[in-house]
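Bear in mind that the values in this text are calculations on the coordinates, not laboratory data. Note that the structure is predicted; figures quoted are calculated from it, not measured. Here Cβ is always computed from backbone atoms with ideal geometry, including for glycine, and neighbour counts include all displayed protein chains.
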Amino acid sequence: MTAVTFPEIAGDFGTKPTISFPTPSAPDGLQVTVLKNGGGEVVEAGQEIEVHYLGQVWGGSVFDNSYDRGQTLTFPIGVGMVIGGWDDGLVGRTVSSRVLLSIPPEHGYGPRGVPQAGIKGTDTLVFVVDIVGAS
């Protein structure tokens, strides 16, 4: 079994991260790594969560981030309102955590991808998510 090599993340909770990819190939399946374990409440399915995030194609460019807009994003989690990798990777984490998600197409945007965002149907997506709040 080959060890999974995760991207390297620079930056602290609440600041725009940068992502470096140590290998050209993404790991298989949904991978979740807590970069900073927050001391807040546990996020439960059905809650509204507030996050800052940066999304980047594995080995490619950033396609979206909330830091540059200076605005967090709030949405229901664990109920199918966002891509599956977010629902599966963020439920059970705690507020004030920074979480790294490596999301293969089947847990992301599927075989169609999002061409207007530069995401192909074969791309693995990497997100750094700061969980700011939950209610």
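Per residue, how big is the convex hull of the range 11-71 when only Cα atoms are used? Give it in Å³. Before the final figure, lay out the partial values.
Details: hull volume 7.8 nm³, N = 61.
Enclosed volume per residue, from the Cα hull, is 128 Å³.
Would you calculate, for the chain, the mean residue ellipticity at 222 nm contributed by helices, counting each DSSP H stretch of 4 or more residues as -39,500 (n - 2.57) and dividing by all residues, to the nearest 500?
Values: 1 runs with 7 residues, N = 135.
Rounded to the nearest 500, the figure is -1500 deg cm²/dmol.
Which value results for Rg/Rh of the range 43-132 when Rg is the Cα radius of gyration and Rh the Kirkwood radius based on the inverse mean 1/r? Each step should come with its number before you reach the end.
Details: Rg = 12.5 Å, Rh = 13.2 Å.
With Rh from the inverse mean 1/r over Cα pairs, Rg/Rh is 0.95.
Ratio of alpha-carbon Rg to the 2.2 N^0.38 Å globular estimate for the range 1-104, to two decimals, please.
Details: Rg = 13.6 Å, N = 104, 2.2 N^0.38 = 12.8 Å.
Taking N as the residue count of the range 1-104, the ratio is 1.06.
Can you pull the semi-axes for the range 64-110, root of five times each eigenvalue of the Cα gyration tensor, sorted largest first, whole Å?
Numbers: eigenvalues 64, 40, 26 Å².
Three semi-axes, in Å: 18, 14, 11.
Assign one of three labels to the range 96-135, namely rounded, prolate or oblate, based on the Cα gyration tensor with a ≥ b ≥ c the square roots of its eigenvalues; rounded applies when a/c is under 1.5, prolate when it is not and a/b is larger than b/c, and oblate otherwise.
Working: a/c = 2.78, a/b = 2.42, b/c = 1.15.
Prolate, since a/c reaches 1.5 and a/b exceeds b/c.
Once you charge only the Cβ atoms, +1 for Lys and Arg and -1 for Asp and Glu, what is the size of the charge dipole of the chain about its Cα centre, to the nearest 20 debye?
Values: 7 positive and 14 negative charges, 53 e Å.
Dipole size: approximately 260 debye.
Counting Lys +1, Arg +1, Asp -1, Glu -1, what net charge surrounds Tyr109 among other residues with beta carbon under 13 Å of its beta carbon? Intermediate values should be presented prior to the final figure.
Details: positive: Arg112, Lys120; negative: Asp64, Glu106, Asp123.
Local net charge: -1.
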